[in-house]
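As structure tokens, the structure follows; a few thoughts come after it.
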């Protein structure tokens, strides 16, 4: 698959995932999250998908510029600073929340969901900047 096509698909997936996640987090409160395994799995998986997609988009940006890909998710996102600007500073810390959620630190999971929810405008901005980067070539 051509890199630009892959990047476009990743950006579209990220935008769709945000649309999916937003109403789910509004309907599932803290108590339901802990009581209902299905609800918890939906939010945890969506958080994981969102953050991994951000990292994949960052990797595609770096590849497009011929730059090497760092070893950690956070460093990969941060390495896009010269490409996508200041938004990466707001987005990169989310990788920590993904790791905590996926590795089942259950007490932290709800707070991680809330943190990602608060960062949805930043995630949208990241997607828009990445789209602009790939469309502007």
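Here the contact order of segment 3-135, divided by its residue count and restricted to Cα pairs under 8 Å and six or more residues apart, works out to 30 percent.
Counting neighbouring beta carbons within 10 Å and listing from fewest to most, the residues 26, 4 come out as 26, 4.
Computed from the alpha carbon positions, the gyration tensor of the chain leads to an equivalent ellipsoid with semi-axes of 28, 15, 12 Å, biggest first. Axis angle, to the nearest 10 degrees, between helix 3-27 and the longest C-alpha principal axis of the chain: 20 degrees.
Among 80, 53, sorting on how many other beta-carbon atoms sit within 10 Å of each Cβ, with the fewest leading, yields 53, 80. Compared with the dominant Cα axis of the chain, that is its longest principal axis, helix 37-64 is turned about 10°.
In the chain, helical runs assigned H by DSSP with n ≥ 4 each contribute -39500 (n - 2.57); averaged across all residues and rounded to the nearest 500, the mean residue ellipticity at 222 nm is -25500 deg cm²/dmol. Helix 120-135 and the longest principal axis of the C-alpha atoms of the chain enclose an angle of approximately 20°.
Coordinate-derived values only; no laboratory data. What you are looking at is a predicted structure, and each value in this text was computed from that prediction instead of being measured. FYI the Cβ positions are ideal-geometry reconstructions off the backbone, even for glycines, and counts take in every protein chain you see.
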